[in-house]
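Heads up, the thing below is written out as structure tokens.
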Amino acid sequence: MSLDTGVADESVDGDLLAAAFYPVFELFFDPDGDFVGDVERKLAQARMPDQVEMYVSRALGAGLVAGGVLWVLGTALGYGIFALGLIDPNALSLGVPAPTPAIQELLRSLVVPTAILVSGVVFGAIGFAVGFGGVITVPYSRASSRKREINLLLADSVSFMYALSVGGLNQLEILRAMATAEDTYGEVSREFQSIVNETEYFGTDYRNAIRQQSLETPSDELSQFLADMLSIVNSGGDMESFLKDKKEKHLRTSKQEREMTLETLELFGEMYMTLSLFPLLLIIILVIMGMMGEADDRLLYATVYVLIPLTGVGFLVLVSTVKQDEPGDGYLRPDGGSERLRQSSREGLFHFGLVEGFVGRFGVFDRIRDREGTHKTKQILTAPHHFLRENPLYTLAITAPAGIAIVAVSAATGTAPTTFDGWVDRPVWSTFVWVYLPAYLVLVPLAIFHEWDQRSKRAITGKLSETLRKLSSANDTGQTLLESVRTVSETSTGQLADEFEVIHAKVNYGMSLRDALVEFNNAYAVPRLARTVKLIAEAQEASSQITDVLTTAAQASENQDDIERERRSRTRMQVAIIVMTYVTLLGVMAILQTQFVDVMGGLSSQADGGGTAGGGPSFGGGGVEPDVLSMLFFHAVTIQAVLSGFISGYIRNADIVSGVKFAVVLMTLALGVWIYVG
């Protein structure tokens with residue numbers, strides 16, 4: 001209730017802000033101008049229901065309010081700088097020639113007011129740009145995100161429509177089927193929902209609805225597809241042949257776009273090699289300047305603890321703008337399914353499946369639910385590894401508190417240094433206790449269970465194309481789909497064959513084939529598998545002889561296999577570049593520690609006739625102490641190891657968690673090297 005109230009209050013505030021600044025909109029903007037028209041189009045593409053005039057007025061209000069606040073702050077800041085004497089007004093000059101001393105004095109008296117005015121104007125302009133631009137860019141960002149997902153799913157969506165046309169569905173039924181497939185085809189399905197809603201609720205002819213949606217969709221590819229479909233509908237052409245041609249075209253296009261993405265990632269890999277070495281070069285320069293007594297210690301700390309993390313995180317964000325992950329969560333939630341299917345699709349740690357639909361009717365169902373909770377708890381406790389394999393992130397609930405407890409106990413007992421001097425005296429041990437030990441405790445189990453989960457899913461998707469071909473061949477001989485499933489399960493091996501055997505058994509015990517297929521898919525929740533199962537489940541309801549549908553599913557799966565093989569091959573090289581760049585950085589830092597810092601520290605110690613208090617000699621009388629440098633170098637290679645590991649995993653699988661294993665390996669390498677040299 002509070003959430004709804006909060007949303008309503010936010011909407012009311014936004015409407016009040018838009019209404020208050022609507023006269024400003026009328027003053028500065030033409031309602032029929034290009035800018036307003038472009039924003040209106042992006043609002044439609046982003047599926048945002050706001051009126052463009054009110055939305056731009058709201059953006060103007062946000063910009064003017066933010067600009068006004070920052071203008072006041074900028075003016076106060078400018079005044080304070082001069083009032084507190086932080087800047088001498090006589091030190092400022094515009095270089096304006098003054099013919100007489102009186103004019104020179106007048107110009108000097110105008111310097112401070114001019115500086116304060118400029119400070120306020122600059123801050124106000126920044127505030128307006130952030131406020132106005134931030135609101136205006138929202139529909140652009142959402143439309144771009146929708147366009148990306150539509151383009152990713154379009155090839156599979158066309159294959160789905162082709163399979164339905166082969167199954168005997170007419171044009172309107174295909175449109176409705178696409179509109180109800182939101183659990184699988186996401187934003188593509190929402191585009192078709194708009195077409196269906198226009199025809200069913202607003203009485204629009206479906207031809208006009210298709211034409212209108214082709215103009216409003218953010219994807220140029222989907223727009224062209226809808227325009228071509230409209231021409232087929234108007235001319236009475238063969239929809240099945242049209243969809244077959246479009247299916248093959250978009251499968252090729254999808255493969256070409258993935259190849260372009262991989263080429264971009266190759267460029268990013270080369271960029272990372274340069275960017276990751278920049279902090280190393282800066283550290284070397286700062287160390288040399290420290291020997292000369294000219295370095296600022298804060299620059300070295302900023303390089304290690306700010307610049308290196310920012311470089312890695314920035315590159316990770318850059319890769320995320322290009323890397324294409326699989327849209328969707330992989331779960332199927334079909335309309336019109338049985339109560340068992342609807343409840344089982346929601347089953348989880350705090351949802352007990354079918355019995356949840358009967359709780360509250362009679363007391364016996366409440367007792368059954370309690371017993372089900374007890375049974376589920378015993379099941380998890382007797383086989384926790386299976387539960388953690390299916391939910392790898394739940395390991396953090398155990399390992400994160402354990403890691404915090406170990407660090408707290410170590411700090412309380414004095415095992416872990418708690419002072420800066422203690423860190424400097426034993427940099428390897430202190431970093432191991434505070435960083436490496438809890439990191440190993442948290443990351444190693446997460447990496448193990450995540451890889452186990454991915455391996456179990458790959459066992460299904462790895463043989464999916466081959467199995468679909470077998471199903472198509474068996475179905476082509478006259479067997480029903482269920483008989484084909486049994487035949488494939490008997491003549492194949494592996495995890496997928498076992499799952500087919502379970503599907504056959506469930507149908508024999510009274511479950512519908514559609515529900516059995518959906519339960520099989522939801523057990524693994526792989527988006528690629530979900531699209532295949534959705535296609536088969538919808539087609540088999542029209543006919544049991546769906547050889548063409550199975551062939552189409554096999555072709556789509558084989559296309560995905562080709563893309564995956566190309567991706568693994570190309571990203572393997574990118575991961576190798578990142579890892580070798582890190583190894584190079586680690587080697588240079590180790591050489592810098594053993595052959596440069598220690599030697600120069602010894603020479604400085606001899607020149608000074610002894611060590612300085614609190615950690616050994618310093619360079620040039622004003623540099624950083626060698627022990628502190630050793631700690632900073634170790635922290636630098638540790639931070640770089642974590643970032644390089646997560647970047648490698650994200651480039652490899654578009655999954656940040658898959659980078660955990662790389663991070664653990666690189667951290668271990670850094671620890672082993674520094675145990676020897678540190």
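Nothing in this text is a laboratory measurement; each read-out follows from the coordinates by a stated rule. Bear in mind that the values here come from a model prediction, so they are computed numbers and not experimental data. So basically every Cβ, Gly included, is an ideal-geometry build from the backbone, and we count neighbours across all protein chains shown.
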Practice prompt. List, in order, the whole-Hz ³J(HN,Hα) value for each residue of the range 659-670 obtained from phi through the Karplus relation with A = 6.51, B = -1.76, C = 1.60 and θ = phi - 60°; use x for Gly and Pro.
Written response: x, 4, 5, 5, 4, 5, 5, 5, 5, 5, 4, 4
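Within 10 Å of each residue's Cβ, count the other Cβ atoms and sort 42, 147 from fewest upward.
147, 42
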Worksheet entry | Residues 244, 378, sorted so that the one with the fewest Cβ neighbours within 10 Å comes first | 378, 244
Fill in: Cross-link reach list, lysines versus residue 42, counting only Cα pairs under 18 Å and skipping chain neighbours closer than eight places
147
Practice prompt. Report the FRET efficiency, 1/(1 + (r/R0)^6), for residue 418 and residue 459, where r is their Cβ-Cβ distance and R0 is 45 Å, rounded to 0.05.
Written response: 0.40
Discussion item. Among 27-35, 501-509, 230-238, 60-68, how do they line up by average Cβ neighbours within 10 Å per residue, starting with the highest?
Written reply: 60-68, 501-509, 230-238, 27-35
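What is the mean projected area of the alpha carbon convex hull for the range 419-552, to one decimal in square nanometres? Each step should come with its number before you reach the end.
Details: hull surface 45.2 nm².
Orientation-averaged projected area of the Cα hull: 11.3 nm².
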Worksheet item: Quick one: if the Förster radius is 45 Å, what FRET efficiency do residue 584 and residue 235 give, using the C-beta to C-beta distance and rounding to 0.05?
Response: 0.10
Worksheet item: Check residue 480: other-chain or 5+ apart residues with amide H under 5 Å from its amide H, H built from backbone geometry?
Response: none
Fill in: Computed over the range 412-469, Cα set: Rg, Dmax in Å
21.3, 67
Fill in: For the range 403-412, Karplus couplings with θ = phi - 60° (6.51, -1.76, 1.60), whole Hz, Gly/Pro x
x, 4, 5, 4, 5, 5, 5, 5, 5, 5
Item to complete: Check the straight Cα-Cα distances from residue 661 and name the lysines below 19 Å, setting aside those fewer than 8 residues away within the same chain.
Response: 457
Worksheet item: In square nanometres, what is the average projected area of the Cα convex hull of the range 166-211?
Response: 3.4 nm²
Worksheet item: At residue 394 and residue 318, where each label point lies 7 Å from the Cα along Cα→Cβ, what is the point-to-point distance in nanometres?
Response: 3.9 nm
Worksheet item: Around residue 492, with a cut-off of 10 angstrom between Cβ atoms, what is the net charge of the other residues, counting Lys and Arg +1 and Asp and Glu -1?
Response: -2
Worksheet entry | Cα-based convex hull volume of the range 530-595 per residue, rounded to whole Å³ | 70 Å³
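At 0.36 nm per residue, minus the direct Cα-Cα distance, what do residue 130 and residue 24 gain on full extension? Give it in nm, one decimal, please.
Values: separation 106, 0.36 × 106 = 38.16 nm, distance 1.80 nm.
Working it through step by step, the gained length comes to 36.4 nm.
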Worksheet entry | Neighbour-count ranking [beta-carbon atoms within 10 angstrom, fewest first] of 638, 184 | 638, 184
Discussion item. Suppose each label sits 7 Å from its Cα in the direction of the beta carbon; what would the residue 491-residue 525 distance come out to in nanometres?
Written reply: 3.5 nm
